[in-house]
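Structure, as structure tokens:
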């Protein structure tokens, strides 16, 4: 089997590369959000029908039928050549745990994986996933797949309020490139076509802040604009 990831460009894309294992409702939503953000995504599932359904929704996605409990099959498919792996399988639990263990245990043995996020269905399932090395465990009932996808490609995003199909209000962490600069210096309305509604330290936001307000690390920004404009803001 051709290793699609190495063929497409290798290490330069690791930081923006993802593999989603299990493409049911949750996994498909993660894939969709990642693809919308322009990330490189490899989707795998043990079920051909699930892969076919995903391809119908996202014709351009790289999707393969792979046994996620087989280390060699995962390696050959390119799963260990991406930066972040999302184990989105719900059942059987054994497959979820095995996939997480394989991906995490392979770290350092020619693996590029830096983060493993696994889906849990119960508290016991979460404990087992953490025991075998999951960096983070999520519950679909508490976090939708689209929300996780957004967080992965936009780590500074904290909250989003969708106003309509095109516009949103978002609370984000101040990007590193904004720290030490005033709102007047940044002129976000002109530069990014977004409006600043509030800014400042957590729990002490200044609503309608003056242009002279200087942003600092660990502070928050509340901005409003189109989805395209908001996604163009720096992510770190």
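Can you pull the one-decimal nm distance between simple spin-label points at residue 94 and residue 235, each 7 Å off the Cα toward Cβ?
3.7 nm
Sort 25, 64 so the one with the fewest other Cβ atoms within 10 Å of its own Cβ comes first.
On the way: 25 11, 64 16.
Ordered from fewest to most neighbouring Cβ atoms within 10 Å, 25, 64 come out as 25, 64.
Ranked by Cβ crowding within 10 angstrom, fewest neighbours first, how are 89, 169 ordered?
Working: 89 28, 169 18.
Ordered from fewest to most neighbouring Cβ atoms within 10 Å, 89, 169 come out as 169, 89.
What is the gain in length, in nm to one decimal, between residue 204 and residue 47 on full extension, counting 0.36 nm per residue of separation less the C-alpha to C-alpha distance? It would help to have the intermediate numbers written out before the result.
Details: separation 157, 0.36 × 157 = 56.52 nm, distance 4.98 nm.
Once the chain is fully extended between residue 204 and residue 47, it gains 51.5 nm.
Tell me, in nm to one decimal, what length is gained between residue 139 and residue 127 on full extension, where the rule is 0.36 nm per residue of separation less the Cα-Cα distance?
Details: separation 12, 0.36 × 12 = 4.32 nm, distance 1.26 nm.
So the chain would gain 3.1 nm between residue 139 and residue 127.
Since every read-out is calculated from the coordinates, none of them should be taken as a lab result. Quick caveat, the model's predicted, so the values are computed rather than measured. FYI the Cβ positions are ideal-geometry reconstructions off the backbone, even for glycines, and counts take in every protein chain you see.
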